[in-house]
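Read the structure below first, then the notes.
The values are calculated or read from the model by the stated rules, or taken from the named source; none is laboratory data. Just so you know, these numbers come straight off a predicted model, no measurement behind them. Cβ: placed from backbone, ideal geometry, glycine included. Neighbour counts: every protein chain shown. Heads up: the accessible areas ignore ligands, DNA and RNA and are worked out on the full protein's heavy atoms, side chains in. Shrake-Rupley method; radii C 1.70, N 1.55, O 1.52, S 1.80 Å.
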Amino acid sequence: MACIFCEIIAGRMPAHRVYEDEFCLAFMDIMPISSGHVLVIPREHAANIWELSQQASAALLPAAQKIATALQKSGLPCEGINLFMANNAVAGQSVFHAHLHIVPRVQGDGFGLRFPPGYGQTASNAALQELAQRIRAAQ
Ligand code: 5GP
Ligand code: ZN
């Protein structure tokens, strides 16, 4: 099946575009979490963060920053902003073309992260050291 976001890039599917450059495209999310919810996507098809080229990856954050600045200046309700990226279905990804969500936030908007039961304990130094070592070793 064709990738919806590739179809948007190609202009075969409509989208309300807000920003474009050589590597990225940004458009309004069709089912917004809040008013002004924008998606930034790479022009190349990459399913997720692991498939993104360095070039596309390096372009996404500056694009998100431009949109975040525009949202703040736009007069839309925007007391804060969350950037969010889901990678793989287990992490909540539903469209398998990499994308960054830019979600304007206001006090009491009802959106947020749900933490697992038991969250709130500071990890031990030994545990953090072991985890850090494993991540360093895997680079
Ligand atoms: P994910 O769940 O993969 O992190 O986010 C996918 C996002 O894409 C959702 O927020 C969803 O509303 C949005 N979306 C899905 N299909 C379309 C579409 O055809 N057009 C636009 N503009 N957004 C879409
Ligand atoms: Zn795609």
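Structure notes:
- Within region 3-19, being more than 9 Å from ligand 2 (Cβ to nearest atom) and aromatic (Phe, Trp, Tyr) holds for one residue alone: Tyr19.
- Test: residue in region 49-56 that is more than 14 Å from ligand 2 (Cβ to nearest atom), at pLDDT 95 or above and acidic (Asp, Glu): no
- Out of Gly11, Gly36, one residue alone is under 11 Å from Ile67 (Cβ atoms), of a type in the set (Gly, Ala, Ser) and modelled with pLDDT of 95 or more. It is Gly36.
- Qualifying position, being part of a helix (DSSP H, G or I) and away from ligand 1 (no atom under 12 Å from the Cβ), among Ser35, Ser57: Ser57
- Enumeration of residues in region 113-131 that are part of a loop (DSSP other than H, G, I, E, B) and open to solvent by 90 Å² or more (accessible area, probe 1.4 Å): Leu113, Arg114, Phe115, Pro117, Tyr119, Gln121, Thr122
- Scope region 69-84; condition surrounded by 18 or more Cβ atoms within 10 Å (Cβ to Cβ) and within 15 Å of the chain's Cα centre (by Cα); matching residues: Ile81
- Members of region 1-25 that are in contact with a strand residue (DSSP E or B) (Cβ under 9 Å, 6 or more places away or on another chain) and near ligand 1 (Cβ under 10 Å from one of its atoms): Phe5, Ile8, Ala15, His16, Arg17
- Residue within region 82-96 that is out of contact with any Pro (no Cβ under 8 Å at 6 or more places or on another chain), in contact (Cβ under 8 Å) with a residue 24 or more places away in the chain, on the phi > 0 side of the Ramachandran plot and not hydrophobic (A, V, I, L, M, F, W, C) present: yes
- Subset of region 98-112 that is touching a Pro at 6+ places or on another chain (Cβ under 8 Å) and assigned to a loop (DSSP other than H, G, I, E, B) - its residue that is least open to solvent (accessible area, probe 1.4 Å): Ala98
- Some residue of region 59-80 being within 15 Å of ligand 2 (Cβ to nearest atom) and in contact (Cβ under 8 Å) with a residue 24 or more places away in the chain: yes
- Residues in region 2-54 that are open to solvent by less than 60 Å² (accessible area, probe 1.4 Å) and charged (D, E, K, R) were compared, and the one that is nearest to Asn87 (Cα to Cα) is Asp29.
- Checking each residue in region 67-99 for being within 14 Å of Val18 (Cα to Cα) and touching a strand residue (DSSP E or B) at 6+ places or on another chain (Cβ under 6 Å) picks out Ile67, Ala68, Leu71.
- Taking every residue in region 107-135 that is without any contact (Cβ under 8 Å) to a residue 60 or more places away in the chain and pairing it with any residue that is assigned to a loop (DSSP other than H, G, I, E, B) and open to solvent by 80 Å² or more (accessible area, probe 1.4 Å), at least 6 positions away or on another chain, the pairs with Cβ-Cβ distances below 8 Å are Gln107/Glu79.
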